[in-house]
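Please read the structure below before turning to the comments.
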Amino acid sequence: MNDFIFNTTKTIVSQLGAAARIAEIVIPVLGPRIVLVTDAGLRRAGLIEPALASLRSAGASVEIFDEVVADPPEANVLALVGLIREHETTGVLAIGGGSPMDVAKVAALIAGGGEQLSEVYGVNKARGPRLPLALVPTTAGTGSEVTPVAIITTGEAMKAGVVSPLLLPDIAVLDAELTIGLPAAVTAATGIDAMVHAIESYASASPNNNPISQGLARQALRLLGANIREATFNGANRDARAAMLLGSLFAGQAFGNSPVAAVHALAYPIGGHFHVPHGLSNALVLAPVLRFNLPKARHIYAEIAADAFPELTAIAFDARGEAFVDKLVELNRDLKVPEGLHSVQIPRDALPMMARDAMKQTRLLVNNPRELSYEDVLGIYEEAF
């Protein structure tokens with residue numbers, strides 16, 4: 001057994017209605033002056049109101065930062081840092097999808113430790129400390145509430161990662177009530193994103209791939225595979241919604257320690273240049289990347305195939321790797337996920353530029369079970385087109 005390190009969020013609360021009693025969960029850690037981070041859409045939808053009422057009724061002073069946008073730019077982080085300092089904030093609470101949570105993680109780090117944003121990009125560059133932090137996901141996808149990773153858009157389109165255990169929040173709160181109104185398309189895409197996290201973590205070539213991450217990845221696939229269709233097409237099913245949140249969290253814990261690889265590397269230019277949501281970006285390149293990996297990872301995919309799709313136990317183990325990829329394609333179609341890069345208005349002549357950008361994601365590509373060249377990446381994009 002290889003040596004490994006496993007880090008995760010200290011406290012996890014999973015409870016229907018937890019947002020409405022958030023004060024008793026987070027104030028002992030975050031303190032009395034809190035900045036609540038979200039996005040404008042969630043605020044308009046009223047999703048933060050139960051938490052806001054809970055905090056204010058408990059006497060907390062709360063400032064709201066709702067300027068976070070998809071694929072958040074550095075400007076989002078810097079604006080939040082300014083508000084945190086102005087408010088003399090004692091703790092940061094984020095309620096939202098991956099973007100608000102990632103912005104909150106990095107801003108709590110910068111505001112708490114005084115480092116420059118440019119100094120913390122990369123793996124274990126941050127020194128800290130960070131401010132107390134609690135995260136409440138409203139989608140079952142990114143797992144950001146339990147990962148030491150935050151992704152920020154730098155410049156026009158490039159994405160950069162901040163990777164450090166310092167980003168792990170003090171508290172993660174799972175409340176399936178917050179996901180009930182999530183549209184079917186978003187439920188599907190974020191659910192596929194979570195499945196990608198589990199798949200890539202399990203197959204990761206990282207030297208820190210470990211038995212804990214592997215077990216969590218398999219449990220994530222069982223929960224996600226069994227519930228993604230129900231959550232997508234019967235979104236009011238609270239049991240399915242809760243299972244998706246827990247599956248997403250397990251997948252986040254897995255890849256937070258045994259990192260993701262080429263699917264994410266190829267997805268980043270899609271989101272960065274064409275503003276395609278991250279989960280959908282992953283779904284568009286998932287099958288072509290896994291097919292490319294089959295010569296090196298066929299047995300790995302066979303091991304997890306029946307976790308996501310129990311019916312695959314009926315076929316020979318040696319055939320399960322290919323069948324797993326086929327089932328993922330079938331799942332995307334069942335969930336009505338757009339097929340092909342052309343379906344999200346990406347022009348074919350952009351593929352070489354995207355391939356060049358994907359090759360810059362060395363932090364991710366090093367974890368892929370099969371090495372990729374520029375020509376390989378371009379070929380995958382061509383297949384995905």
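Ranked for footprinting exposure by Cβ neighbours inside 10 Å, fewest first, Tyr301, Tyr121 give Tyr121, Tyr301. Relative to the longest principal Cα axis of the chain, at what angle does helix 262-274 sit, 0 to 90 degrees, rounded to 10? So the inclination is approximately 60 degrees.
Each DSSP beta bridge with both residues in the chain is either parallel or antiparallel, and the antiparallel ones are about 25%.
If only the Cβ of Lys and Arg carry +1 and only the Cβ of Asp and Glu carry -1, the dipole of the chain around its Cα centre is close to 440 debye.
Taking label positions 7 Å along the Cα-Cβ direction at both Phe6 and Glu156, the computed distance is 4.5 nm, reported to one decimal. Candidate cross-link partners of Lys327 among the lysines, defined by an alpha-carbon separation under 21 Å and a same-chain spacing of 8 or more, comprise Lys296, Lys336.
Using only the Cα atoms of segment 272-323, build the gyration tensor, take square roots of its eigenvalues as a ≥ b ≥ c, and label the shape rounded, prolate or oblate: rounded if a/c is under 1.5, else prolate if a/b is larger than b/c, else oblate. Write down the numbers at each step before the final one.
Working: a/c = 3.87, a/b = 2.07, b/c = 1.87.
Prolate, since a/c reaches 1.5 and a/b exceeds b/c.
Backbone geometry of segment 77-93 corresponds, through the Karplus equation with coefficients 6.51, -1.76 and 1.60 at θ = phi - 60°, to 3J(HN,Hα) couplings of 4, 5, 5, 5, 4, x, 5, 4, 5, 4, 7, 6, 5, 9, x, 10, 10 Hz, x marking Gly and Pro.
Mind running the shape call on segment 233-286? Use the C-alpha gyration tensor, a ≥ b ≥ c as the square roots of the eigenvalues: rounded below 1.5 for a/c, prolate if a/b tops b/c, oblate otherwise. Oblate, since a/c reaches 1.5 and b/c is not below a/b.
For Lys125, the residues whose amide H sits under 5 Å from its own are Val163, ignoring neighbours fewer than 5 places away on the same chain, with H placed 1.01 Å from N.
With the Cα gyration tensor of segment 47-113 giving a ≥ b ≥ c as the square roots of its eigenvalues, does the rule (a/c under 1.5 for rounded; else a/b larger than b/c for prolate; else oblate) give rounded, prolate or oblate? Taking the square roots of the gyration eigenvalues as a ≥ b ≥ c, segment 47-113 is oblate.
Per-residue Karplus couplings for segment 158-168, computed as 6.51 cos²θ - 1.76 cosθ + 1.60 with θ equal to phi - 60°, are listed in order as 6, 10, 10, x, 9, 10, 6, x, 4, 6, 4 Hz, Gly and Pro entered as x. With K and R counted +1 and D and E -1, the other residues having a Cβ less than 11 Å from that of Leu341 yield a net charge of -2. Using Cα atoms only, what is the angle between the long axis of helix 184-203 and the major principal axis of the chain, expressed in degrees (0 to 90) to the nearest 10? It is inclined by approximately 70 degrees. For segment 44-107 and segment 112-190, write down the distance between their C-alpha centroids in whole Å. With segment 44-107 and segment 112-190 each reduced to a Cα centre, they are spaced 12 Å. Available extension along the chain between Asp66 and Asp349 is 98.3 nm, counting 0.36 nm per residue and deducting the alpha carbon span. Within straight-line reach of Lys10, meaning a Cα separation under 14 Å, sit the following aspartates and glutamates at least 8 residues removed in sequence or on another chain: Glu145, Asp170. Segment 193-225 and segment 315-368 have Cα centres lying 17 Å from one another. Annotation for Ala75 and Ser373: the two label points, set 7 Å from Cα along the Cα-Cβ direction, are 4.1 nm apart.
Please compute the contact order of segment 321-381 in relative form: average sequence separation of alpha-carbon pairs under 8 Å and at least six residues apart, divided by the residue count, as a percent. Walk me through the numbers on the way to the answer.
Values: 20 pairs, mean separation 15.3, N = 61.
25 percent.
Could you state the angle between the C-alpha long axis of helix 374-384 and the longest principal axis of the C-alpha atoms of the chain, as a value from 0 to 90 degrees rounded to the nearest 10? It is inclined by approximately 90 degrees.
Site pair Asp318 and Glu86 shows an inter-label distance of 6.7 nm when each label is modelled 7 Å from Cα along Cα→Cβ. Exposure proxy ranking for Phe255, Phe292, based on other Cβ atoms within 10 angstrom of each Cβ and starting from the fewest, stands as Phe292, Phe255.
Within the same chain, lysines fewer than 8 places from Lys360 are excluded, and of the rest, those with a Cα less than 19 Å from its Cα are Lys125, Lys159.
Laboratory data are not the source of any read-out in this text; all were calculated from the coordinates shown. Note that this is a predicted model, so its numbers are computed, not measured. We place every Cβ from the backbone using ideal geometry, glycine too, and count neighbours over all the protein chains shown.
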